[in-house]
Structures are given as C-alpha cells and as structure tokens.
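Below: one structure, written as structure tokens.
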Amino acid sequence: MAELTYRDAVARGIAQEMRRDPNLVFLGEDVAAAGGVFKTTVGLLEEFGPDRVRDTPISEQAILGAAAGAAMTGVPVIAEIMFSDFLAVCFDLVANEIAKLRYMTDGQVSVPIVIRTANGGGSRFGAQHSQSVENWCMMIPGLKVVAPSTATDVIGLLAASIRDPDPVVFFEHKSLMATKEDVPDGDIVDELGKARVVREGSDVTIVALALMVPRAVAAAERLGEQGISAEVIDARTLVPLDTGTILSSVERTGRLVTVEENPRLCGWGAEVASLVAHEVFWSLDAPIVRITTPHIPLPAADILEDETIPSVDRIVETVLGEWA
Amino acid sequence: MAELTYRDAVARGIAQEMRRDPNLVFLGEDVAAAGGVFKTTVGLLEEFGPDRVRDTPISEQAILGAAAGAAMTGVPVIAEIMFSDFLAVCFDLVANEIAKLRYMTDGQVSVPIVIRTANGGGSRFGAQHSQSVENWCMMIPGLKVVAPSTATDVIGLLAASIRDPDPVVFFEHKSLMATKEDVPDGDIVDELGKARVVREGSDVTIVALALMVPRAVAAAERLGEQGISAEVIDARTLVPLDTGTILSSVERTGRLVTVEENPRLCGWGAEVASLVAHEVFWSLDAPIVRITTPHIPLPAADILEDETIPSVDRIVETVLGEWA
Amino acid sequence: MSISTDEGRYDYATRPVRAPRPEGDPGLDLRDETRLSLYTRLQELRQVEKRAYDLFMQNLVKGTSHLSLGMEAISAGFGEALRPDDYVFATYRGHAHTLSKGSSMDSVLAELLGRANGLMGGKGGSMHLSDADRGMMGSYAIIGAHLTLANGTAWSAQLRNSGQVTVCFFGDGTTNIGAFHEALNLAKVWNLPVVFVCENNLYMEYTPIDYITAVANPAADRASAYGLEPMIIDGNDVDVVYDTARKLLERARQGEGPSLVEAITYRSGGHSRADPAKYRPPAEVEAWKEYDPIIVYHQRLLDRGFSESTLTEISNRVADQVDRATAAAKAGAQPPLESIFTELWADGGSAWRS
Amino acid sequence: MSISTDEGRYDYATRPVRAPRPEGDPGLDLRDETRLSLYTRLQELRQVEKRAYDLFMQNLVKGTSHLSLGMEAISAGFGEALRPDDYVFATYRGHAHTLSKGSSMDSVLAELLGRANGLMGGKGGSMHLSDADRGMMGSYAIIGAHLTLANGTAWSAQLRNSGQVTVCFFGDGTTNIGAFHEALNLAKVWNLPVVFVCENNLYMEYTPIDYITAVANPAADRASAYGLEPMIIDGNDVDVVYDTARKLLERARQGEGPSLVEAITYRSGGHSRADPAKYRPPAEVEAWKEYDPIIVYHQRLLDRGFSESTLTEISNRVADQVDRATAAAKAGAQPPLESIFTELWADGGSAWRS
Ligand SMILES: Cc1ncc(C[n+]2csc(CCOP(=O)(O)OP(=O)(O)O)c2C)c(N)n1
Ligand SMILES: Cc1ncc(C[n+]2csc(CCOP(=O)(O)OP(=O)(O)O)c2C)c(N)n1
Ligand SMILES: [Mg+2]
Ligand SMILES: [Mg+2]
C-alpha cells in the first residue's frame, strides 16, 4: 500500500504489463524521451528501451496504423493519442479500420491494441483540447471503451485492457491526473465490463464516469443531508457495459440520474436511459434525468468552463429540482 | 407536378439554389465532369461552369477545409463527401473545426456550408461503405443534421440547409436514390427543425428517419391490420430536433418506438428515448422500444445485410412482441 | 516508361491521349519456368476477373466490384517474387492481389457470391478480400488507411527480425490523401521493410489523375519528400514488374528499408461495375488495349521460342480451373443468418453488455 | 541558412548541436521607416510575449500558452508586408501573428486573462486568438487542419478576384501530418493565392524534428512533391523575412499561385507554459540565444547608423503601450456566465431543439 497519483498509475500500469509481456510495445508523440506531455509515461523508455517505447512524428493516422498492423500479426500494442480530441484526425483508423478489422475478415485477425488518450475538461484549454469524447467511441461497434476514475482503476483496468484481445480505447482524465489514493503493492489486474457501486443508496441511482464520479459522490453526500439517499455507480467501462449492476440498482431505487461530461446529444447517458426505460420501465417511479455538459463546445475561460461541465452544485440542484 | 427520383432531386435542389445565389459554389470528388458517382450531380458543371462546380483530388480534409475557409469569408459552399463512412477521414474538420469555428471565435465568423454525403446500407457494399452515421454528427455541438426520406424533401430541405447560415450535414440515403414521387414544379424551400407526421395513429408513436420511414409506414399498415394504430413520424432533421411534434405525439399515444438504422449504442433514438423518458414520462403507458441495426458492422452478403438493418418484419414483430 | 501530362480540360474524353510507351523486351535473364509461371499467373488473374465480371452481369455478385482487367501484370509480377510469409495489403480492387498471394479461386469467387465457403463467409465481399493465413492482410475500401496498416506488419517483422516484407498496393489517386504522406514518412523514419506499389492507371474514379495532382507522376514525384528514390516502371510488362519486385523485396529483407514504386498501367474496363468509362479518350483506350499485358507477354514468349501450344495448354488448364472454382463457389451454401452476430470480438461473439 | 541533421539519439539533450549559421546583413535596399517599423514590431511582439509570460507566472493566465519568444522575426516580417485585407491563419502559438495582423494589445491580453474585453470574450483563450475583422482568421490548436482552411480563404479571394492573399503559419512538426499534404497539393492544383510559412524551430513539442522526419528540411524538402520551389530562409533575420514575404505575397497577388517557405528559427523558451525544455543541448540554446532576432536587428540598425537613443525610445514607447494594455486587460470584466450559451449558431444562440 502506497499513495500514488492517477498520473503515476499510468506509467506503473504500462510498466507492469511490459514486464509481463516482452512482446508488448508502446508508441506515441513525445512518450519516450520526454515521458509524455502529461508525464504519464516517465521512465518507460529507460526501462524498456527504444525498440519497445517509441517517439513518433505528429502523424496520428500513422501511429494507429502502425499499431493496428502490428497487432494484426499478434504483437500487442499500446498507442497514445495525446488528447482525445485528436481521435478525430485518425477517426478512420479508429472507427472504420481498427473497430471493423476482425468482423470484416470474419475473425481472421484480432487487433490487440489499447489506444490511451487524455480526455475531458477542466484545464482551461478551450474547445479543441477539452472534450469528453467517450461517446465517439461507444457508438462504434468493435471498440471497447474504458474510463477509470481512480489510480487503482487506472492500473487494474489498463492491465485488463492490454490483456484483452480486442481494441480498447482507454480514456485518462486530465483533471484526475493529480488525484491520489493508496494503491495496493504488486500487480493489479481488474476486469472489463464491471461497474462499481461507490456509494450505496436507496432513493436514486446516479450513474457517473471518470471525473463525474467524485462529483456525483460529493453530491450524494449533500443530498444525504437533505434526506435523499443516493446510490452512485461508477460505470468504469462503457463497452462492455455492466447493465446488470445499473438495472438492478434502478429496480431498487426507482430513479435514474446520469452524470455525463460529454455534450448532451447522443451521450452515453442517453444509451443508459433508453436501456432503463425499456428493461426496467415498470420499476421507475420518476422521470429519468440526464445531467450533461450542455450541447456546446467548451469555452476556455475558467469561470465559463466551470459553468459548462457538470458540477457538484448542479448535480445537487438538479436532483432536488426533480424531487420538488 | 412531375415524377422525380430522389437521385434527380439532389441535382435539382442544388441547381435551384445555384441559380438563386451566384456566389454558391460546389466541390467534391467526381462531382463535376462525371456528375457524381451516384449520378446525383449530373448537369451542374454544364450549367454553372468549372469555377462553381469543381472536381477535387481524393483529399477529404482538403475538400472540407477549402469549403469551410471559403464559407468563413461569406462564400456559401456545398461540399460532397462521397460516402458518409468517409466523414471519418475528415472528422477533425467536421467535429473540431467546422462545428466549433463560430463558437471559438465568439461569433466572429459563420460557416455557411452544407456537407452532402451518401449514407446508409442496402447496397451490399460491406462494412466500410454502408454505415448510417447520422449519430456521428448529431453528437457534435455546432452541426445541424438533416436526412430526407422523399424526393420532395431532398429539394426542400437541401434548399433550407443551403440557406441556413450554419454548417449542415445532409445525409442522402443510397437505398432511396431510385425511389420516385410526384414533386411540385418551381422552387421548393422547406424548413429545418420540422418533423412530419406521415401517418396518424393513436396507440403508439413510431419515430423514424430516412430509409426507415417507408419501412415504418409499411409496418404501421400491417400493425393496423392487427388492430394497432401506429403514428409514424419522420424526424427529417435531427438537429434542430422537432421535440414538440414527438413529445405531443407520445403524450397522445403513450408509447414510443424508434426505428434507427445506426447501430445501437448512442444512436439518435437513445437521445429521443431519454428525452421522452424525462419530459413526458408520466404519459408513458409502456416501456420505450428501440429498433436499431444491432451493434455490429454491416456484412456484405445480401442475405446477411438484410438480416442486419431493421426491416418491416422486424418492426412489426418487435411492436407486437411488446404488446404481447 | 513515362506519361505526358497536360493542364487538364473539363471534357476529359477529349483531352490529349496518354498512350503507353512500350520499350520492348527488357531482355532479363529469367529461367523458363519463371516466365511460364508469370504467364500462368497472368492467365489466372485475367480469367478469374473475367469470370467475376460474368457472374456480376448474371447478377450473382451483388453490390459492386472493381476489377484489375488490364492491370494484372503488377500483382502477377509481385506474386511471383513474394515469399509465402510476406504480407500483402490491397485495395477494394484486390481480387488479383489476393489470388497472387495464394488464395484459392473458389474461396475468392465464393466470397464474391456471398457464400459460406467464401474467404470471409460473405461478411467481407468483393471489396474486402482477406486471407491472413496466407499473408493476405486484407483489401481496404477507404482510401489511404491501409498504407499505414502496412507499416504495422512491417514494424512487427522488424521487431521479430523475421525477414518478412510487406507489400502495399494502391492507386494513383491515393497519393493525394493524407494517410499516404504519414505512412511514407514513418516508413522511412523507422526504416521499415515495406514496399509501396502505386498502380498508376491514370485515373482515380472518373477523374484523370493529372487533373487533380500537383505533379506529373503522382508517386514517383513524391518519393524525394520521404528520402526515397523515384521509381517508375512499365506496369504492363510482367518481366519488368517481377524484376523490380525481386530487387525491392530483397532490399527490404536486407534491412535497407522502404521503397516506393510507380507502375504505369491502365484498366481496360470501368472503375467499377456500373462505370462505362466514357470519360476516357477512345484513342487512349484503344492504344492501351493493344498494349494489354497478356498480349504483350504472349508475343514475347513466342518471340523467345516458346510454342503456341505450350501457352494454349496453360490457358486451357487455367480455364478448367476457373470453371471448377466457379462451380465450387456456386455450390456453396448461403451463410447462416446467425453469423451476423459472430466474430466482432475475439471471443467469437458481439455482445456489448457484460 | 541550413541546418545539419544526424541520425538522432535518445538522450536528445546530448545530440549534436544544431546552431544557427548567421550570414550577416543581407544588404537589402529598405527605407529607414521600414526598418524602424520592423524594429518596432519586434519590440511589440517581444514585450507582449514577455508580459504574457509574467501574467502566466502570476497565475492570471489559466490553462496553457505557447509563446513566440525568439521567433518574432517571422510574424513581424510578414506583418509588415501584409495588406490589411489579407488573411492570416496561425497555430496555438499565435499571439505574435495576431498582433502582427493589427489586433490591439489589450484585446489579446484580455483574452489570455479570459475577460469580457478579450478578442473572443474568453471563449477562445490563448490557443484560439481570432480577429476576423482584421483578416486574422484564427489560431488553431489541432495540428494540420488550418492549412486546409487557408486554402479556403484563398479560394474565396480567387473566386472574388479580390487580390487578397492568405498566409498560413505552422511549425516544422506539422509537415508530417496528412492535412499538410492534402492542403499543399490542392493549393497547387487550384493555383491558389496562399503562402505557407513553416516556422522551423527544430522541435515539435519535446522531440527534435529531424528525429521523426524522413528529410532534413521538413518543409523545403517536400516542396517539389507539390510542384513548388524549395525555399529556406533565416527566420531570425527580420529583413530577410520581410523581403521574402513581399516577394511571395506579390507572386500570389499576380495569380502566380501558392508558395511554401521554411523559416529557420528557435524558441528561446519551452514549448508551452510548463515545459523547461530540458531536451535541448545547452550549447544549442546558448548559440541561439546569441542569435536572438532582436539582438541581431538592434545591432544591424546601429551598424547602419541608427542611434541607440532612437531604438531605446522605441522600446520605451512599446513598454508604455504594453503596460497600458495590461492595465486595460486587467480592468476588463469577467465574461457573463450566460455567454456560454451564445454564438454557437448564427442566430446568436445554441438551441438544439426547435
Ligand atoms: C477516403 C476515400 N475517398 C473516396 C473514396 C471513393 N473512391 C473509391 S475508389 C476511388 C478512386 C481511387 O483511385 P486510385 O487510387 O487511382 O485507385 P484505382 O481505383 O484507380 O485503382 C475513390 C475516389 C474512398 N473509397 N475513400
Ligand atoms: C493532431 C495533433 N497532434 C498532436 C498535437 C499536440 N501538439 C501540440 S503542439 C505540438 C508540436 C507541434 O510542433 P510544430 O509543428 O513544430 O510547432 P511548434 O509548437 O514547434 O511551433 C504537438 C505535437 C496537436 N495539437 N494536434
Ligand atoms: Mg487509379
Ligand atoms: Mg516546431
């Protein structure tokens, strides 16, 4: 047990897996010599050397192409796309190649690749470096989607993603990098497709992801003071989605609130809402509520950005408003 | 009044607007001399000349960049992206530039551009040329999204999109190209953000788009024979979304079924479902049902593709199943 | 061989003709078996493509299909030079390249027919032929991406020190898309064992390549931008292609890195199924018809003393093969409907919920 | 001026130094007012960037910011040559380019502070400075796209026959992304009035450009791939930059089409706020510090007989301006929270439902 930041957990998770599997390679922009622009990959070049840890040109399509091509031959690859906003410059590789290769070839090839990328807002970077794009990947058949909210989950879910034989997009949240927690010693390996109930409650089920998890928990505490017992679920992976945990919680609480950082339209919460509204409809005692970033780009100024992304206050007020 | 195909309606709509506005220009791959690979732009080069109707290299980013840059200076532009699957190769332009330009500059520039693209399945083209990606664009703040289901709507909504000062992604459905209907003579100009009730009914509201509209109507007829009165709404534009028409219909029928060609996760129907489950929850008499392409890529073989995309049979069986 | 360009006019069909510039027998020192093998490959590719066309016209092949008729010398020449464990990437115009890598005619034809005995059980279709066990790493229908994937298999070979080379085929029009640029730069920077082969058939879909390209030779004139040697060859001369392939593959195997070759050729038919190819000057079409790779090679072999009967025997044998393959393909069952839910994930299924 | 490359090693900081190769006063025939104007521009850009840095260190500028310290001669030289109605596109490293196009110091500084009186009322921030009324068409933070947008404003000028030229600034690392390739090809094919200016500061973020690029000169060695003349200039010599700008802008205005110029320079600080730039050989940093564009030009003007007092007066005047601009920026109100919902659409709002 030692305290570790979310940031340092990334390098620890990658190192854990590179030690285990001598074939695992890692590439990306400024990831080797510089240790990553978020300092999430410090020390990897030194330990694993330039053949396995490679700096690349600013060529996201070439990065994912090299990663996927190698993966098709059985070489597992971790590829970093520095900011998740940049998935757009290589989206053909992400959505049309990597996601479809196995299906189009009827299983002739697997694509054991993990695309790591820094996601989310809060850094005052403006519209092109702050997006939460987990729904961009969730909507593509053939991609698994993971977004940890704690340092321990970073290691465990990264390990699970790397060991998974299918393509995984792994979202690391910029605004969680500095958060710390006590992390167990030794190897940590988790499982994809398992949500976590981070706080138990009986009146309402709040489903959150990544940065929205600590905010949902804080909101739940305050709702508790108002006599509302909120259960908070950290979805952790959007694909595969742990529908069992979510549905059974809503069956107990009768209410669903999703807290999404992605903008409103076609966010992951819409998918969860439609699922609940179909499969446990008769358990619902109240309208389904989605709390999202409004359907707008992210502004740069701090006070504007803070007004845009769901906050603890907004979660509390919205839930109370529904109760009123 | 003369019979016109959906295919020919495209060229007629573009020509109508290019005659009206001498500044309007049009570019894309094989659109000029060849009249488009779907023959949707035949005759435009001849009428409007090479300055206004231009063939481009296979450079989707350069196509949209040129279009958007010109639009920033007030020149309205129609850009063709041959297949909607290819939006992925220029997705940075679509999602990070064109959609955000006005907001990032706090309104200094407008981007009067229409991105026309052939969407949807049914042509046995396989996983990379058959996708329905309307949700890829609906999820991006700053894009308007239009998908006509009839020849008349092609003209009217294309005109409305061209006259709209904001970026519009205009989805033309490959499998509707050969469909015909009587189309009024003279200019046709419609309005964005208006859904159409194509069939009135009292028991269930079926919301569909593009190719799914005729299928939903056919299914509704058969459901009628079974004593179920289905109202069918053609959403027509996903952004802006005509929530009024949808919500008031569900308030009357008490049931919602969406018929989506996009794959399941984060499809546009999920957004509609979450909206209904929040705003008219108390009017709902039954679980919300989504009928979508399963969350898989599209297979090429005809019998496999037909099994994948929602069919009239599947709509009928699904609705009956819910009634049972 | 070179191609003259012009500023480009709108009525493409009336533009100056870009005719082949035959240079005759390159007089290479090749074994007889090799020449006959090359001839056999040309016949195989030609006859399968013709059969694919017929099946298409009988409406047995659904969707679209892009044939290599007139362009067979390129995949034939490389096919002869490739090692079984080398990797190949092709485009939607990939029937010939797949066959050249050793896939059976029936598995290819059955896939075109969308049958269970097709290479991908009907899931891929004409544009996505793949045969990974034979190193045929797939046919890709969205321009550009497969050049970057080719770097990946080459990187894998480099990491494993396996001596395998990757060959990536693509068209002239593909040289104008971003992924081309990114792929070539990275291949050179990492010194990858990959050979990029531009099949320059002078047109993208319906637009002449010189009309939308800043340079006369879409691939060769870009080579120096990646520190590579410009290389233009006669793509209709199978001897020239084979000889070039041998050299470039060997170069890559020796660790001397990537190369980019532009092979000039012409498609005798339209871009795809539907296309009558009206945008091409008739005289140009004529000129290239006479310079058909099979006509050229047939004559060369006769000039070199091979007997007409030997060659006829080969084409007859291939004709039988193609007939048998067609029958086998047609005899294939329709794919099971449940198969739409298989092989999205490595576990064989497609579940999105746990 | 040229730059020697090497095969690249991992401990970048110990790699051979790539030092400037000064060539002294180019002896251009420029008017005194022009030289003083260039000097004034250098002082304005330098002092505003320094102020931006200070404000950053006082934690008044949130997020990140990328400064042009050491690179000012490029935007200063072009700024002097540009017509008010010409178009400019810049990157996230765009403070200097925005000021060079005529935006006021306070509107720029206020935007960095996220105030209502900022160029975009706080919505854009340091990486997205835009001033469309002055032809500053924006600063873009995702590599590549803005080169394609630059073609668009150039196309518009061509269609309108307005004689406006578009100048697009970008970095050395940007030459390896796909959009660069697509933009340059189309610009040439359409003969667009656009000047692409590569500010080669020898590094992308933390990686030396030669380490991940197939050619020694990332832009110039690519020019021929687009039928353009290779052009490398000393980006730290404002006379050279100004003279080049004049010629290339005139060329474009005369309908002679696009050009691509590589200006060699160096950033005196890190890539962005946080970066200590440890990956650069100290000797290299030293060498370039001495070749700072202001030191160089200051000395040149003295050598040409301008008096120290004239120059000091200029820098003092600029210092006052910057102080006043800083005060005005700081005095700005916070943007209204409701503004997050404005200006997504041309109607001023952001409604997604009708
Ligand atoms: C990104 C992308 N843009 C456009 C297309 C449509 N398209 C298919 S083939 C083709 C022409 C390709 O020309 P070339 O590279 O010369 O190959 P050829 O067909 O001549 O063999 C085009 C434009 C595509 N498949 N992908
Ligand atoms: C598509 C994309 N990939 C990566 C980045 C992250 N990034 C920001 S600046 C930069 C380096 C750019 O180098 P260069 O083009 O030389 O410009 P410079 O910063 O040196 O002025 C990188 C990699 C980005 N913004 N966009
Ligand atoms: Mg071609
Ligand atoms: Mg640089």
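The eigenvalues of the Cα gyration tensor, multiplied by 5 and square-rooted, give segment C:106-233 an equivalent ellipsoid with semi-axes of 27, 21, 10 Å from largest to smallest. The modelled label-to-label distance for the pair A:D182/B:W323, using points 7 Å beyond Cα in the direction of Cβ, is 6.1 nm.
Our Cα-only numbers for segment B:201-283 put the radius of gyration and Dmax at 12.1, 35 Å. Chain D residue nearest the rotation axis toward C, with distance: D:G178, 1 (Cβ to axis, whole Å). Legend: calculated FRET efficiency, C:D133 to C:R251, from the Cβ-Cβ distance at R0 = 30 Å, rounded to 0.05, equals 0.70. Relative to the longest principal axis of the Cα atoms of chain B, the long axis of helix B:268-279 makes an angle of roughly 60 degrees. Pairs of alpha carbons in chain A separated by more than 33 Å make up 24% of all such pairs. Based on the alpha-carbon gyration tensor of segment A:1-54 and its eigenvalue square roots a ≥ b ≥ c, which shape applies: rounded if a/c is under 1.5, prolate if not and a/b is larger than b/c, or oblate? Oblate is the answer for segment A:1-54, as a/c is 1.5 or above yet b/c matches or exceeds a/b.
Peptide B:283-294 has a mean of 4 when you count, residue by residue, the C-beta atoms of other protein chains within 10 Å of its C-beta.
Here is how far apart the D:A287 label points are across copies: 5.2 nm, shortest first, using a point 7 Å from Cα toward Cβ.
Rounded to the nearest 10 degrees, what's the angle between the helix A:212-225 long axis and the longest principal axis of chain A, both from Cα atoms, 0 to 90? The answer is roughly 20 degrees.
Protection proxy ranking of A:65-71, B:42-48, by the mean of other Cβ atoms within 10 Å over each peptide's residues and highest first, is A:65-71, B:42-48. Across segment D:268-339, the volume of the C-alpha convex hull divided among the residues equals 137 Å³ per residue. Peptides A:288-296, B:195-203, ordered by how many other C-beta atoms sit within 10 Å of their residues on average, highest first, read A:288-296, B:195-203.
A Förster radius of 41 Å, combined with the Cβ-Cβ distance separating B:V189 from D:D323, puts the computed FRET efficiency at roughly 0.15.
All other residues whose Cβ lies under 10 angstrom from that of A:A301 are scored, Lys and Arg at +1 and Asp and Glu at -1, for a net of -1.
Over 20 Å between Cα atoms: which of A:K100/C:K123; B:K144/B:K194; C:K289/C:K330 fall into that group? In this structure, C:K289/C:K330 exceed 20 Å between Cα atoms. Put simply, the amide H of B:I233, placed in the peptide plane, has neighbours under 5 Å in B:V198, B:I206, B:V207, B:A208, leaving out anything fewer than 5 places away on its chain.
Counting only other chain Cβ atoms within 10 Å of each residue's Cβ, the peptide A:153-161 averages 0. Taking every residue in A:68-81 and counting other chain Cβ atoms within 10 Å of its Cβ, the average works out to 5. Is segment D:1-151 best put as rounded, prolate or oblate by its Cα gyration tensor, with a ≥ b ≥ c the root eigenvalues, rounded for a/c under 1.5, and otherwise prolate when a/b is larger than b/c, oblate when not? Judged from the Cα gyration tensor, segment D:1-151 comes out oblate (a/c at least 1.5, b/c at or above a/b).
What separates the C:A319 label point from its copies, with the point 7 Å along Cα to Cβ, is 9.5 nm, written shortest first.
According to the calculation over all Cα-Cα pairs in chain D, the P(r) per 20 Å bin from zero is 30, 60, 10, 0 %. Sorted shortest first, the distances from the D:L337 label point to those of the same residue in the other copies are 5.5 nm; each point sits 7 Å from Cα along Cα-to-Cβ. For segment C:81-103, the residues whose backbone nitrogen is under 15 Å from a point 7 Å from the Cα of C:L28, taken along Cα to Cβ, are C:81-83.
Working note: Cα gyration tensor of the protein assembly as shown, eigenvalues times five, square-rooted, sorted largest first, giving semi-axes of 44, 42, 31 Å.
Over the Cα atoms of segment A:1-106, each weighted equally, I'd like the Debye log10 I(q)/I(0) at q = 0.10, 0.11, 0.12, 0.18 Å⁻¹, rounded to two decimals. Each listed q maps to, in turn, -0.29, -0.36, -0.42, -0.90. Taking amide H positions as modeled 1.01 Å from N, with prolines and chain starts lacking one, the residues under 5 Å from D:R353 and 5 or more places away or on another chain are B:L241. If R0 is 60 Å, the Cβ-Cβ spacing of A:V42 and D:L302 corresponds to a FRET efficiency of close to 0.80. The residues packed around B:R290, meaning those with a beta-carbon under 13 Å from its beta-carbon, carry a net charge of -3 if Lys and Arg are +1 and Asp and Glu are -1. Each peptide among D:33-41, D:244-252, B:164-172 gets the average number of other Cβ atoms lying within 10 Å of its residues, and from highest to lowest they stand as B:164-172, D:244-252, D:33-41.
Under 5 Å between amide hydrogens, built in the peptide plane, is the criterion, and for A:R54 it picks out A:F26, A:L27, A:G28 among residues at least 5 positions away or on other chains.
Share of pairwise Cα-Cα distances greater than 17 Å in segment D:224-291 is 58 percent (whole percent).
Listed by chain and number, the lysines whose C-alpha is less than 16 Å from the C-alpha of B:K174, apart from same-chain residues fewer than 8 away, are B:K39, C:K62.
Taking label positions 7 Å along the Cα-Cβ direction at both D:D54 and D:R353, the computed distance is 5.1 nm, reported to one decimal.
Values in this text are rule-based calculations from the coordinates and carry no lab data. Model, not experiment: these values are computed from the prediction. Because the Cβ atoms are built from the backbone with ideal geometry, glycine has one as well, and the counts that use them run over all protein chains shown.
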